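So the structure is just underneath, and the comments pick up after that.
Read-outs throughout are calculated quantities, based only on the coordinates presented, and are distinct from any laboratory measurement. Everything numeric in this text was worked out from a predicted model, so none of it was measured. Neighbour counts run over all protein chains shown; Cβ positions are idealised from the backbone, glycine included.
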Amino acid sequence: MLRSAIAAAAFVAFAAPALAANSYTFETANPVSEKRIVAESVVWSCAGTTCTAELDRKAPTVRICKKIAKEVGELTALRNAKAELTAEELAECNTAAKK
């Protein structure tokens, strides 16, 4: 019984960070040339102007957006299931966009 409880606790300790990830999507003004890119220390899967990845962040931020924009250029959206950057936040983000 004790052994099962310890095993269950260990599983939860290792699985909890993976369960905390949120699915994020960003969209770009121009198609992304690579199918996979690394931005914000995460590998994003891209098709055309849309890229997705799992991030351990609660909500999209301008800081995250700027890091992505430096890699891929102008973003038109950054969101997860709970939140999305506003037009003003995207404008601030795109000051860092790769030219």
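For residue 39, the amide hydrogen comes within under 5 Å of the amide hydrogens of 44, counting only partners 5 or more places away or on other chains and with H modelled in the peptide plane.
If the segment from residue 43 to residue 76 were pulled out straight at 0.36 nm per residue, it would be longer than the present Cα-Cα gap by 10.0 nm.
Karplus-derived 3J(HN,Hα) values for region 28-33, using 6.51 cos²θ - 1.76 cosθ + 1.60 with θ = phi - 60°, are 10, 5, 10, x, 7, 6 Hz; glycine and proline are entered as x. Label-to-label distance, residue 88 versus residue 33, with points set 7 angstrom from Cα along the beta-carbon direction: 3.6 nm. Between amide H atoms placed 1.01 Å from N, distances below 5 Å from residue 76 occur with 27, 28, 29, all of them 5 or more places distant or on a separate chain. The modelled label-to-label distance for the pair residue 21/residue 57, using points 7 Å beyond Cα in the direction of Cβ, is 1.5 nm.
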